[in-house]
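Everything below concerns the one structure shown next.
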Amino acid sequence: MYNAKVLFFTMYLIILFSKTGINETRYSFLVEWYDDLASITRKFCLRYFISNNTVELVELKNGKTFLKRIKCDGVTLKSIYLGSTLNIFSRQMKITDYGDDFTRESFSQVTQRTYGMLKPESVPHLGKILDEIYARGFKVTNAKMCQMSEDNAKEFYKEHEERTFFPTLVRHMSSAPVVALELMGKDAIKSWRREIGPTDVEQAKDEAPNSLRALYGLNKTQNGFHGSDSPESAERELEIFFPSKVPSRRSIPRSTATFENSTCCVILPHVVEEGHLGRIISEFQNSSFEISAMRMFYLNKTDVQEFYEVYEGVIPEHNGMVGQLMSGPSVALEIKHPSCKSQEEIVSKFRLLVGPSDPEIARELRPQSIRAKYGATKVKNAVHCTDLPEDGSLEVEYFFKILE
Ligand code: ATP
Ligand code: MG
């Protein structure tokens, strides 16, 4: 009888706690949102409850609840990390800090950042390599194809200034475009070094045949990849390629966009989030299209509205498209093809590969097209590509001149 009473009371407590959420895992972050109407940055405490993927926002200034606990499309454990931008009911909120020690301890190791780089010899295999990077457990949180000047390369590798191989290394690094990456993952700094393998490619082939340097490296200097060797180097190197402050003009490795006989492609946030970035770029490269520029963007509402202005009032999905493009990171590409000698040719050739804008129709008519394979709906249709020949270089300019 006594045991039954204890059992009953324990069950009562479990039910009570699960209803009131006392034993519920809850993460807490500080977030900022630029309020256009009031022209001020407002700061909040965001709480995220993992049991049912709900969020709650409390304004820091007055302690008032700004958003009652609710499920919010696109806010998941995968999208929440320091530095990420969340789309909470059309408001772009940037996570600026942890809200408590529990959250800091839970997240800081699993969401460590490192600087990874594809050296010139790896860039032709960009799609395949990005796919490998995701498969090996990393998330790409920033990316940019760029051309390093000799000065950029000297600055980047200044610790090796006295070494005999330094001039060869500097010449090589500034000889052709590289791809700069911010990678996030559990113990990212160490694990990225492990995945790229030993510096010497021959040694990599012997000791770590599955490492990226063994697979893609050519020799001691052209070993395919770079990886930061400590948290301090990661911070310094990320700042060179993805500056948080406005740097002096000379110090940023420049974009590789050519604005000539090219078309524009934007890989939409839903496919980036699903981890298909590498696969889609591989499809382009396998069809002999060249990626002559690439950059990841976290676009805000104003940028997206400006970019999609021509579709406003013309396409019923316009609002949905704006919402999708600002919902997370997207990747803009400048695309070329060796056989296309004019903008007309490249715009129409690339549109064929991308397929009809409605993925359902694409699956019927062009099952091998990108939208047939990776699109879900008219709004989540995998990629945007330039429609009209005269817009090809304008759209490329929008991303690689205006937004840069
Ligand atoms: P990285 O810094 O590029 O990630 P790492 O840390 O494995 O590579 P480091 O010793 O820092 O190797 O050397 C920097 C780069 O200089 C190497 O990646 C390689 O391109 C080049 N390098 C290093 N040692 C030699 C060498 N003995 N001969 C030619 N090139 C070299
Ligand atoms: Mg090094």
Item checked: Options Phe138, Phe89; residue that is away from ligand 2 (no atom under 16 Å from the Cβ), within 22 Å of Leu181 (Cα to Cα) and either modelled with pLDDT of 95 or more or assigned by TED's automatic domain parsing to the domain that holds Leu37 (or both) -> Phe138
Item checked: helices (runs of 4 or more DSSP H) completely within the range 296-404 that count 1 or more residues being aliphatic (A, V, I, L, M), open to solvent by less than 30 Å² (accessible area, probe 1.4 Å) and over 18 Å from Glu283 (Cα atoms) -> 301-307, 318-325, 392-397
Notebook entry, point to check: Out of the range 166-185, which residues are within 17 Å of Gly116 (Cβ to Cβ) and within 9 Å of ligand 1 (Cβ to nearest atom)?
Noted result: Met173
Notebook entry, point to check: So, of the residues in the range 188-225 that are within 23 Å of Val110 (Cα to Cα) and open to solvent by 20 Å² or more (accessible area, probe 1.4 Å), which turns out to be nearest to ligand 2 (Cβ to nearest atom)?
Noted result: Arg193
Checklist line | the range 146-169, subset of a type in the set (Phe, Trp, Tyr) and closer than 14 Å to Phe241 by Cβ, residue nearest to ligand 2 (Cβ to nearest atom) | finding: Tyr157
Check: When the range 226-250 is examined, which residues are found to be polar (S, T, N, Q) and surrounded by 13 or more Cβ atoms within 10 Å (Cβ to Cβ)?
Finding: Ser228, Ser233
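On the given criteria, is Ala234 assigned to a helix (DSSP H, G or I), of a type outside the set (Asp, Glu), outside the structural domain of Thr85 (by TED's automatic domain parsing) and touching a helix residue (DSSP H, G or I) at 6+ places or on another chain (Cβ under 6 Å)?
Considered against the rule, which asks whether it is assigned to a helix (DSSP H, G or I), of a type outside the set (Asp, Glu), outside the structural domain of Thr85 (by TED's automatic domain parsing) and touching a helix residue (DSSP H, G or I) at 6+ places or on another chain (Cβ under 6 Å), Ala234 comes out as yes.
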Check: Out of all the residues in the range 307-314, is one or more closer than 27 Å to Leu130 by Cβ, touching a strand residue (DSSP E or B) at 6+ places or on another chain (Cβ under 6 Å) and among the aromatic types (Phe, Trp, Tyr)?
Finding: no
Next item on the list: Those residues that are within 20 Å of the chain's Cα centre (by Cα) and either within 18 Å of Pro231 (Cα to Cα) or open to solvent by less than 20 Å² (accessible area, probe 1.4 Å) (or both), I need them from the range 165-187; list them, please.
Entry: Val178, Val179, Ala180, Leu181, Glu182, Leu183, Met184, Gly185, Lys186, Asp187
Next item on the list: Enumerate the pairs (first residue in the range 64-79 and on the phi < 0 side of the Ramachandran plot; second residue anywhere and open to solvent by 90 Å² or more (accessible area, probe 1.4 Å) and at pLDDT below 95) with beta-carbon separation below 7 Å, excluding pairs fewer than 6 apart on the same chain, so at least 6 apart or on different chains.
Entry: Cys72/Phe89
Margin query: If I ask for residues that are more than 12 Å from ligand 1 (Cβ to nearest atom) and farther than 18 Å from Gly137 by Cβ, which ones from the range 191-227 would you list?
Written below: Lys205, Asp206, Glu207, Pro209, Ala214, Tyr216
Check: Is it true that Gly83 is assigned by TED's automatic domain parsing to the domain that holds Asn210 and not in a strand (DSSP E or B)?
Finding: no
Notebook entry, point to check: Can you tell me which of Val140, Val110, Val123 is part of a helix (DSSP H, G or I), β-branched (Val, Ile, Thr) and either surrounded by fewer than 22 Cβ atoms within 10 Å (Cβ to Cβ) or away from ligand 1 (no atom under 15 Å from the Cβ) (or both)?
Noted result: Val123
Note to self: I'd like to check something: does the range 344-351 contain any residue that is in contact (Cβ under 8 Å) with a residue 24 or more places away in the chain and within 21 Å of the chain's Cα centre (by Cα)?
What the structure shows: no
Notebook entry, point to check: Could you count how many residues in the range 42-99 are open to solvent by 30 Å² or more (accessible area, probe 1.4 Å), under 26 Å from Tyr134 (Cα atoms) and of a type in the set (Phe, Trp, Tyr)?
Noted result: 0
Checklist line | Residue that is farthest from Val179 (Cα to Cα), among those in the range 147-165 that are in a helix (DSSP H, G or I) and more than 8 Å from ligand 1 (Cβ to nearest atom) | finding: Lys158
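The values are calculated or read from the model by the stated rules, or taken from the named source; none is laboratory data. Fair warning: this is a prediction, and the values are worked out from it, not measured in the lab. Every residue, glycine among them, receives a Cβ derived from its backbone with ideal geometry; neighbour counts consider all protein chains shown. Ligands, DNA and RNA are stripped out before the accessible areas are found, and what is left, the full protein with its side chains, is counted by its heavy atoms. Shrake-Rupley method; radii C 1.70, N 1.55, O 1.52, S 1.80 Å.
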